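Undergrad: Just passing along the structure, written as structure tokens.
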Amino acid sequence: MPLRINDQIEIADWELTEQFMRASGPGGQNVNKVATAVELRFEADRSPALPAPVKARLRRLAGRRWTKEGAIVIQCDETRSQARNREIARERLADLIRAALKRPKPRVATRPTLGSKKRRLKQKKVRGEVKALRGKVDGDE
């Protein structure tokens with residue numbers, strides 16, 4: 001079943017790879033028997049569904065989850081249900097891609113106000129005086 005991001009973007013099944021493994025944490029003996037944790041792998045770099053600027057933003061947003069091969073790896077072992085963990089992992093990937101779709105607002109350069117400049121210089125002067133008073137004491141007196 002393809003992963004729908006929005007009206008224009010849909011990720012095909014062949015781009016997603018799921019691997020199931022045994023999870024740690026709660027679940028009793030079920031943990032030792034059933035592979036409930038999921039590792040979702042999305043080959044983002046090679047995906048035809050995503051435009052280049054979105055891929056660049058996605059790489060920055062993914063952080064450590066982005067591999068050297070250009071894939072995003074998302075792991076989930078929150079619940080005892082394999083199907084629920086699979087849904088959570090797919091939703092996390094979709095949220096990550098939706099975040100990358102939003103173009104960041106360009107920063108508008110502003111100048112510091114005159115008041116802020118004066119406050120900064122006054123604070124520097126006060127700090128310098130405090131440090132000057134820490135100097136060696138003359139033994140003349």
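Undergrad: Only one of (1) surrounded by 10 or more Cβ atoms within 10 Å (Cβ to Cβ); (2) modelled with pLDDT under 95; (3) basic (Lys, Arg); (4) assigned to a helix (DSSP H, G or I) fails for LYS131. Which number is that?
TA: (1)
Undergrad: So which residues in the range 82-141 are within 29 Å of SER24 (Cβ to Cβ) and among the hydrophobic types (A, V, I, L, M, F, W, C)?
TA: Step one: list which residues in the range 82-141 are within 29 Å of SER24 (Cβ to Cβ), which gives 82-97, 99.
Within the range 82-141, ALA83, ILE88, ALA89, LEU93, ALA94, LEU96, ILE97, ALA99 qualify.
Undergrad: Can you tell me which residue among SER24, SER47 is among the polar types (S, T, N, Q) and crowded, with 18+ Cβ neighbours inside 10 Å? Show your work before the answer.
TA: Values: SER24 fails: crowded, with 18+ Cβ neighbours inside 10 Å.
From the options SER24, SER47, the qualifying one is SER47.
Undergrad: Those residues that are touching a helix residue (DSSP H, G or I) at 6+ places or on another chain (Cβ under 9 Å) and of a type in the set (Ser, Thr, Tyr), I need them from the range 42-74; list them, please.
TA: Within the range 42-74, SER47 is the sole residue that qualifies.
Undergrad: Scan the range 37-44 and give yes if some residue there is in contact with a Cys (Cβ under 6 Å, 6 or more places away or on another chain), of a type in the set (A, V, I, L, M) and at pLDDT 85 or above, otherwise no.
TA: As a first pass, look at the range 37-44 and keep what is in contact with a Cys (Cβ under 6 Å, 6 or more places away or on another chain): 38.
Pick out the ones that are also of a type in the set (A, V, I, L, M) and you get 38.
Now drop any that are not at pLDDT 85 or above, which leaves 38.
Yes, there is a match, as at least one residue in the range 37-44 is in contact with a Cys (Cβ under 6 Å, 6 or more places away or on another chain), of a type in the set (A, V, I, L, M) and at pLDDT 85 or above.
Undergrad: Suppose we filter the range 60-91 for residues that are of a type in the set (Ser, Thr, Tyr) and under 19 Å from ASN32 (Cβ atoms); how many remain? Step through it out loud before you land on a result.
TA: Let us first name the residues in the range 60-91 that are of a type in the set (Ser, Thr, Tyr), namely 67, 79, 81.
Among the residues that remain, those that are also under 19 Å from ASN32 (Cβ atoms) are: 79, 81.
Counting residues in the range 60-91 that are of a type in the set (Ser, Thr, Tyr) and under 19 Å from ASN32 (Cβ atoms) gives 2.
One line per residue, one yes/no per condition, for (1) in a helix (DSSP H, G or I); (2) exposed (fewer than 12 other Cβ atoms within 10 Å of the Cβ); (3) modelled with pLDDT of 90 or more:
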| residue | (1), (2), (3) |
| --- | --- |
| ARG60 | yes, yes, yes |
| ARG64 | yes, yes, yes |
| LYS68 | no, yes, yes |
| VAL73 | no, no, yes |
| THR79 | no, no, no |
| GLU91 | yes, no, yes |
| LYS105 | no, yes, yes |
| VAL108 | no, yes, yes |
| ARG111 | no, yes, yes |
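Undergrad: Ok, one more. Just a yes or no: is a residue in the range 109-120 more than 21 Å from the chain's Cα centre (by Cα) and among the hydrophobic types (A, V, I, L, M, F, W, C)?
TA: The initial filter retains those residues of the range 109-120 that are more than 21 Å from the chain's Cα centre (by Cα), namely 109-120.
Still in the running and among the hydrophobic types (A, V, I, L, M, F, W, C): 109, 114.
Within the range 109-120, one or more residues are more than 21 Å from the chain's Cα centre (by Cα) and among the hydrophobic types (A, V, I, L, M, F, W, C).
Undergrad: Which of the residues spanning the range 89-137 are in contact (Cβ under 8 Å) with a residue 24 or more places away in the chain and of a type in the set (A, V, I, L, M)?
TA: ALA89, LEU93, ALA94, LEU96, ILE97, ALA99, ALA100, LEU101
The values are calculated or read from the model by the stated rules, or taken from the named source; none is laboratory data. Small disclaimer: the values here were computed from a predicted structure and weren't measured. Heads up, the Cβs are rebuilt from the backbone with ideal geometry, glycines too, and the neighbour counts pull from every protein chain shown.
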